[in-house]
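Here is the structure we will look at, set down as structure tokens.
The values are calculated or read from the model by the stated rules, or taken from the named source; none is laboratory data. This is a predicted model, so every value here is computed, not measured. No Cβ is skipped: glycine too gets one built from the backbone with ideal geometry, and neighbour counts run over all protein chains shown. Ligands, DNA and RNA are stripped out before the accessible areas are found, and what is left, the full protein with its side chains, is counted by its heavy atoms. Shrake-Rupley method; radii C 1.70, N 1.55, O 1.52, S 1.80 Å.
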Amino acid sequence: MVDRLVNSEANTRRIASVENCFGSSGVPLAMQGRVLVGEGVLTKMCRKRPKSRQFFLFNDILVYGNIVIGKKKYNKQHIMPLEEVSLESIADNQTYRNGWYIRTTTKSFVVFAATSTEKQEWMAHINKCVEDLLRKSGKKPVENHAAVWVPDTDASVCMHCKKTQFTFIQRRHHCRNCGAVVCAGCSAKKFMLPQQSTKALRVCDACYERLKHVPSSLGSGEDPAAATGAASGNKLNTTAGDSSNDEDSDEETASPGGESHDEPRFYGDSSVLSAVEDSSTITSPSSATTGSLEAPQVTPSVQSPPAAVATTGSHC
Ligand SMILES: [Zn+2]
Ligand SMILES: [Zn+2]
């Protein structure tokens, strides 16, 4: 039970410790009713390659940051409201295992756990928190998510014109609507994607043509026709990177790559693992009112079509 932790000293201490580790690079996290549910290191697909990031799961937000000194100092704090988070499992392939999508309206990316057990734990705890939140607020799960960016390494030529070879001079750009890697010539236009930003954002020519015919109330990804080659390929692409609005937000910092692996710690109810109905989707609030005594159910292994294999994606 996460609720029993609300007013516990241990919870207060843990949250203070997280605040300490972020120092002035983070915002205050302690708040009435907030519980730190779990923490640990996950590998996050960034624009150029997978990188270790420290994740903190609270009962209302998911926080992550770059690791400056393991367990001591983090920076580049990102906070994602759990209310709009949705997860989707990714089938293992030869290159990557134990991965899943984390999607929100403004940012979507792929993470990997060290083992399948840890993946199950993370997904179950996150899904449980999201379900609890939605049940309490009566809100519906968000369906309109930011595109997951195709990693740079997956595109040596522009995914739109298929001609421009990327070099130091011909830089890669990401369409904020579909996540495709495109050349400057094929992404010269900007479009308002209000869910992601109050400013117009770079979109590829294909998305621009489509978006300008769609009523502006529909945001990115709403139109099924938006599934171009790039977007649908993206959907199956297990190496998909980070849909960050800031192209340079994932620059290198000290990498903890050589450290031995620490298992994640979860402070809430360990029965979350067996109570989870389907770790790949969020159940609607109405279906989640049957209480916590559901029959344990093994999370089905997702059999999705073979994913695009990264060419040179992994450097660590
Ligand atoms: Zn192009
Ligand atoms: Zn596009």
Fill in: Residue-by-residue Karplus 3J(HN,Hα) for segment 124-141, coefficients 6.51, -1.76, 1.60, Hz, glycine and proline x
5, 5, 5, 4, 4, 5, 4, 4, 4, 4, 5, 5, 5, 8, x, 7, 9, x
Item to complete: Output ³J(HN,Hα) for segment 51-56: one whole-Hz value per residue in order, computed from phi by the Karplus curve 6.51 cos²θ - 1.76 cosθ + 1.60 with θ = phi - 60°, and x for Gly and Pro.
Response: 9, 6, 9, 8, 10, 10
Worksheet item: Taking amide hydrogens as modeled 1.01 Å from N in the peptide plane, which residues meet the under 5 Å criterion relative to Val68, leaving out close sequence neighbours?
Response: Lys73, Tyr74, Asn75
Worksheet item: Of the accessible area of segment 14-157, with the probe set at 1.4 angstrom, what percent is carbon plus sulfur?
Response: 51 percent
Worksheet, complete the sentence: Taking placed amide H atoms and a strict 5 Å upper bound, the residues 5 or more places from Val37 or on another chain that come that close are Leu57, Phe58, Asn59
Item to complete: Hand me the GluC sites (Glu not before Pro) from segment 99-150 located in a DSSP loop with no more than 14 other Cβ atoms within 10 Å, in residue order please.
Response: Glu143
Discussion item. Quick check on segment 147-213: take the gyration tensor over C-alpha atoms, sort the square-rooted eigenvalues as a ≥ b ≥ c, and tell me if it's rounded (a/c under 1.5), prolate or oblate.
Written reply: prolate
Response to the item:
Applying the gyration tensor rule to the Cα atoms of segment 33-136 (axes a ≥ b ≥ c; rounded if a/c under 1.5, else prolate if a/b exceeds b/c, else oblate), the class is oblate
Worksheet item: Residues of segment 1-145: accessible area per residue at 1.4 Å, in Å²?
Response: 42 Å²
Worksheet entry | Vicinal HN-Hα couplings computed from phi for segment 201-214 (Karplus, 6.51 cos²θ - 1.76 cosθ + 1.60; Hz; Gly/Pro x) | 10, 4, 10, 6, 4, 5, 5, 4, 4, 6, 5, 6, 9, 9
Discussion item. Checking the table Lys48/Lys140; Lys76/Lys189; Lys128/Lys199; Lys119/Lys190; Lys76/Lys140; Lys162/Lys199 against a 32 Å threshold on Cα-Cα, which pairs fail?
Written reply: Lys48/Lys140; Lys128/Lys199; Lys119/Lys190
Discussion item. Give the residue list of chymotrypsin sites (Phe, Trp or Tyr not before Pro) in segment 21-115 that are DSSP loop and have at most 10 other beta-carbon atoms within 10 angstrom.
Written reply: none
Worksheet, complete the sentence: If amide H atoms are modeled at 1.01 Å from N in the peptide plane, then the residues at a separation of 5 or more from Met192, or on another chain, having amide H under 5 Å from its own are Leu201
Worksheet item: When the Cα centres of segment 89-107 and segment 1-50 are compared, how far apart do they sit, in Å?
Response: 22 Å
